[in-house]
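Enquirer: After the structure tokens below, expect a handful of questions from me.
The values are calculated or read from the model by the stated rules, or taken from the named source; none is laboratory data. Just so it is clear, the structure is predicted and the values come from calculations on it, not from any experiment. Neighbour counts are summed over all protein chains in view; Cβ atoms, including those assigned to glycine, are modelled from backbone coordinates with ideal geometry. Surface areas here come from the heavy atoms of the whole protein model, side chains and all, with no ligands, DNA or RNA. Shrake-Rupley method; radii C 1.70, N 1.55, O 1.52, S 1.80 Å.
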Amino acid sequence: MLNKLIKKRKGLDEADEASLLEEKVPDHIAIIMDGNGRWAKQRGMPRVAGHREGMSVIRSIVQAGSRLGVKTMTLYAFSTENWKRPRTEVDFLMRLPERFLSVELPKMMEDNVIVRITGDVHKLPQYTQDAVHRAVHETSGNTGMILNFALNYGSRSEILDAFHAMYEDVEAGVIAKEDVSEALVSDYLMTNGLREPDLLIRTSGEKRLSNFMLWQLAYSEFWFTDVLWPDFTPEHLKEAIEAYQQRQRRYGGV
Ligand code: IPE
Ligand code: IPE
Ligand code: MG
């Protein structure tokens, strides 16, 4: 147990890092952090214990990615569909950013990480909004990896919002109908300014997108693992990156 814990907290060693750096490391890694509930259930614990454990592995993954030169890491933390969960679980999840950031914000400053949020933040409880806005504000002068939390995020509502904003801007004469292009659509999405994910990781054995970045993942490489998110370690991240490095991205060409 202790060994496992140490392994979880431990980053990659120098040899691991060096071998990964021999090939292209993905610029943007997006992760659907899934399996917290099952992790807890397996241990006879309440689901929220899985969320607490899941939160605690984020730091080691962020640090490992940042050390490898990953430019953006997006973590799917709460979907627009997750409101369907029991009230007590949703309440717990809404408190997590506050709890997470009170401990992790100083570490993120040390690691030069820039926090960014993608999602409908204004629909979250005020204390959740305060916590994330503070993190975004305090890290805004950093220059390292962008750590992008997808929080109250849903891809379809994001795309719909983009349509509405474009209609309004066409009507107001800000843009012309002819200006609407793939690049412009990207600009109207909440991820504007971020590169598209090169690699998508989903833990817990589920092989679906669950309304995550439908537009942005058009040409991303996917990597699935049965490992539950609270058990995910930098070693697993390494496995995913190694798999990515074996892929040949063709974008429809030959
Ligand atoms: C992912 O773990 C975390 C969130 C969706 C917030 P789950 O809570 O979905 O865990 P499972 O899928 O029920 O095991
Ligand atoms: C996706 O996981 C959302 C997050 C990880 C935040 P879910 O557990 O909500 O997805 P489904 O319900 O299994 O598709
Ligand atoms: Mg799940």
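Enquirer: Test R67 against the stated conditions and say whether it is within 14 Å of ligand 2 (Cβ to nearest atom), open to solvent by 80 Å² or more (accessible area, probe 1.4 Å) and charged (D, E, K, R).
Expert: No: the conditions fail for R67.
Enquirer: Based on this model, can you work out whether L228 counts as open to solvent by less than 30 Å² (accessible area, probe 1.4 Å) and farther than 25 Å from D161 by Cα?
Expert: yes
Enquirer: Same structure, new question: Within region 132-250, which strands (runs of 3 or more DSSP E) (wholly inside it) include 1 or more residues that are free of Cβ contacts under 8 Å to residues at least 40 places away in the same chain?
Expert: 221-224
Enquirer: Within region 232-253, identify whether any single residue is surrounded by 15 or more Cβ atoms within 10 Å (Cβ to Cβ) and within 16 Å of ligand 3 (Cβ to nearest atom), and answer yes or no.
Expert: Within region 232-253, one or more residues are surrounded by 15 or more Cβ atoms within 10 Å (Cβ to Cβ) and within 16 Å of ligand 3 (Cβ to nearest atom).
Enquirer: Quick check on my filter: what residues within region 216-254 are of a type in the set (A, V, I, L, M) and at pLDDT 95 or above?
Expert: Matches in region 216-254: L217, A218, V227, L228, L237, A240, I241, A243.
Enquirer: Could you tell me how many of the residues in region 101-131 are surrounded by 13 or more Cβ atoms within 10 Å (Cβ to Cβ), among the aliphatic types (A, V, I, L, M) and in a helix (DSSP H, G or I)?
Expert: The number of residues fulfilling the criteria is 6.
Enquirer: Then there is this: Can you tell me how many residues in region 21-47 are closer than 22 Å to P197 by Cα and more than 21 Å from the chain's Cα centre (by Cα)?
Expert: Total meeting the criteria: 3.
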